[in-house]
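Here the structure is laid out as structure tokens; the discussion comes afterwards.
The values are calculated or read from the model by the stated rules, or taken from the named source; none is laboratory data. Worth saying up front: this structure is predicted, and the values here are computed from it rather than measured. Positions of Cβ are backbone-derived with ideal geometry, glycine not excepted, and every protein chain shown enters the neighbour counts. Protein only, heavy atoms only, side chains kept; ligands, DNA and RNA dropped before computing areas. Shrake-Rupley method; radii C 1.70, N 1.55, O 1.52, S 1.80 Å.
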Amino acid sequence: MTVLTTGRACMDVEAQIASINACGQRKQWQAALSLLGDMKRTTVIADVRVHRACISVCQKGAQWKSALGLLQEMPGIRLSADVISYNMCMQACEEGSQWQLALGLYDDMSCNAVHKNEITFGTCIVACEKGKQWRVALALFGESAACRVHVDETIYSTCIGACDHKNRWQLAVSILHEMVGSGIERSAICYNACISACGTGKQWQLAVGMLREMAGHKVHQDTTSYNAVITACAKGTQWELAVSLLDEMAQCTVRKSSMTYKSCISACERAGLQWQECLALSETMRSLQDDPKALPKVGGQGAVDDEVYKEACEHAGLVFFLPVLGALRADTFDATATHANRRDAVARIICSALWRVRGKAWDHVREVVFLFEDSRLLRISPSFVQACPTPSEFNIVRMLGHCLETGTSPGLEVVDLDPSRGPLGGHITSIVAEYAKSGPTAAALLHEAYPDSLDFRIAQGSSSGRSGQEGSAKKSLILFLGAVRDMSEDELREVHSACQTSNVPLLGANLGEQAEFTSKIIDILQGHFAHNRLVPAVWRHARLPLSASIEPLLPSPTAAQPAAQDRQLEQGFFWIFVPVGGKLGEITVDDWRQDGTYEVPRCCISHLWRSRGAHHSHLLSFVFANGEVLTVKPDLVTCLSRQQRAAPTEQNIVKALRIGSGDRTAQRRDTWLKIDEGCVTRSRAGNLLRRLGGNRPKLSSSTFCDLHVGGDGGESPRLDAYADAVGGLEVMPTRPARDVVMLLHQVGDEDFPDAFRAELAASLFGVTGRPVLNLTFPLMSLHTAISLLGHYGYVGALQMALQAVGRPAARRPAEPN
């Protein structure tokens, strides 16, 4: 009977594998996972082959998350993943542009003693090259040689292309010549990549020599080959050679592209006096562009022209457009009752949109625009910052109420409803048209329910560090967000119609599936802009012409998945320390003071609160000048919500902190508010863990860093969590630290008390002189920096970035002398 049962089970397994493979041919990954689930609920045992088949289906269906989930569950059911399973998961991650996860799988294979083959290295190298992790890709290439793994022409070409990113033309030439010794035929792709690397290194002689070498080895010279050589000649100011190569292309019947002519024009311009050649080439290029068949198309259907995209990356300015609750009347802006119509949220949004730091506005922001429910419009420009230098909720709401009541408007403009232009007054159409007329403009609808995420992997190369006023009046990004309420369908229709009318590219995207407060979303956007990432992310995916239907722009009503709440740090924690001037008892709601402590509640919101709950893996500590430490846990969010004080206003948070720290005066003033024990803890650095009742974090699985906000330009490296920057130091893929402890302070402002860093290291890690990783960040407010760091953690980039700058240099292939 046992033999019969076993035989029947084997037949059932084979039948299920065949069914799963059939699903893979039709890319029906949901059906494959359903079959696997049915097997788990029956007596049929799903073995390694079944899981491997399901992983293959998920990989073909571009479902890297599901593929990883299947791989991770195998040890729990006593199955050992083999190299094929790992390779397919890596391929899914590579196709999904998840290079960090691909490296993590590479690391897991070493830990689990799974043999790596050529597919393993090839997939991981391609994933890193796509993510612009050229150093890691080259390190993997060297590792493959050490492991005596055969690599093919594709891997060689990928590694040569990686050398182009950071002017490593010597290494590119070395790898190309190594192919001869390995018996691998060099293709046009390899030669083209090497020529491009030589051009980047201004080695035009080598570039020309390789073009001639291609002909000698009977390797086809295509348009890309000639374009790369002509570009190299342009960088070397060899205009005559560039023009002669253009003539040579005609003799060899190699097709010319617009890039060919632009490179030749660039060569003539750099030579200084060859304006006649420039004019002739420009006329030739223009005549070709008039013929749609003469030049190849760039990008997909509806893609924004690449040159317009590059132009928009320079000196772009931001416009924030938000619908809000209530009517635009002076009496709705009461500084003593900011929760009415959520004016506290409006104040925080204005602060995030306009203030870079206290008393200083963001240079790149055009304005923030609010559309009220009475269809009146409030436009606020950065000059409002001068009238209200301290952006506390109280001050902003008070100033807005005063301006609306008296009619004075420093940086404010009220636009009344025009009934002839529809129920919404035509405000959206007017704003879009106004900026479209002034220059290149793109628009983005942002909501967590949109399926596509903004891709911040591409840097804003030509505008790095130049987000100021020069030429900024001509280029704009209009960002539509909800403020307390989401945009209505009528408002979405008007956005769609306005962009169609003004020929403005538009997209709908998310910053992550997790719902967040609008002020935090704006903080994150400002941080991405400060790193020169926001403009390319929008212009890369914006589309023209727009579809006639607005269905793609209607976000799904489904909420964020609970499983995503704290996935950024898995089982670890993210603990931030912030210095605060004065004493603990001096925390105030600000009231009429011009030097209030508004950053304290703002930092709490940025690190602990989220739109639908709390960040449960986060901790926040405020360090006062006398050495006292006030630690706030995410339990405070639940505690206030339970007492009908879920709105994170300055008043609610400051009262909670003072009562939770044992302030009897604050408790007498608000006898109804009760703070649970442990939500707020008062201590000093030496007894911090004992007061919190926690265990000491492991030294080997933690990162302890000191982040200097506004410290760019010093000796410390910048914390750059973007895909093309994490490889800025030569690191091998290793498992990131689980716990992150970060000291955060603004350069030129409050710093931590003397010896605090050493005391904290001894208290948390039990060591003397714990090495602190010193990093910098662009200038921004502390709450903006915290929101951005939390976003990095949520998308899995924070720990990888800290690992990249905190680990020793890895092995890499030797470079020629």
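Restricting the calculation to Cα atoms, every distinct pair contributes to the Kirkwood radius of region 98-221, found to be 14.9 Å.
Shown is the FRET efficiency for Gln643 and Thr665, computed with R0 = 22 Å from the Cβ-Cβ distance and rounded to the nearest 0.05: 0.65.
Taking N as the residue count of region 485-545, its C-alpha radius of gyration divided by 2.2 N^0.38 Å amounts to 1.26.
Taking all protein chains together and a 1.4 Å probe, the residues Asp486, Asp720 rank Asp486, Asp720 from largest to smallest accessible area.
A simple spin-label model places pseudo-atoms 7 Å from Cα toward Cβ; at Asn112 and Glu373 they are separated by 5.4 nm. Evaluated on region 391-450, the Kirkwood hydrodynamic radius is 14.8 Å, with distances taken between all distinct Cα atoms. With no solvent and one equal point scatterer per Cα, compute the Debye intensity ratio I(q)/I(0) for region 655-705 at 0.18, 0.23, 0.24 Å⁻¹ and report its log10, rounded to two decimals. Debye curve over Cα of region 655-705, log10 I(q)/I(0) at q = 0.18, 0.23, 0.24 Å⁻¹: -0.68, -0.86, -0.90. Region 329-376 gives an Rg/Rh value of 1.02, both radii derived from C-alpha positions and Rh following Kirkwood. Using every alpha carbon pair in region 316-462, what percent of pairs falls into each 5 Å bin from 0 up to the bin containing the largest distance? In whole percents, the pair-distance histogram is 2, 9, 17, 20, 20, 16, 10, 5, 2, 0. For region 593-635, pairs of C-alpha atoms spaced more than 17 angstrom apart make up 39 percent of the total. Stretching Arg212 away from Asp82 to a fully extended chain increases their span by 42.2 nm, per 0.36 nm per residue minus the current alpha-carbon distance. Volume per residue for region 339-407 equals 87 cubic angstrom (convex hull of Cα atoms). For Asp754, Asp749, Asp663, the ranking by accessible surface with the largest value first comes to Asp754, Asp749, Asp663, using a 1.4 Å probe. Over the C-alpha trace of region 184-223, radius of gyration and Dmax come out as 9.6, 27 angstrom. Here each label is just a point 7 Å from Cα along the line to Cβ, and for Ser438 and Asp418 those points are 1.8 nm apart.
What the Cα convex hull of region 61-115 gives, in volume per residue, is 70 Å³. Evaluated on region 158-243, the Kirkwood hydrodynamic radius is 12.5 Å, with distances taken between all distinct Cα atoms.
Of all beta bridges that DSSP places with both ends in region 578-661, some 65 percent have antiparallel geometry.
A simple spin-label model places the labels of Val48 and Lys698 2.7 nm from each other, with each point 7 Å out along Cα-to-Cβ.
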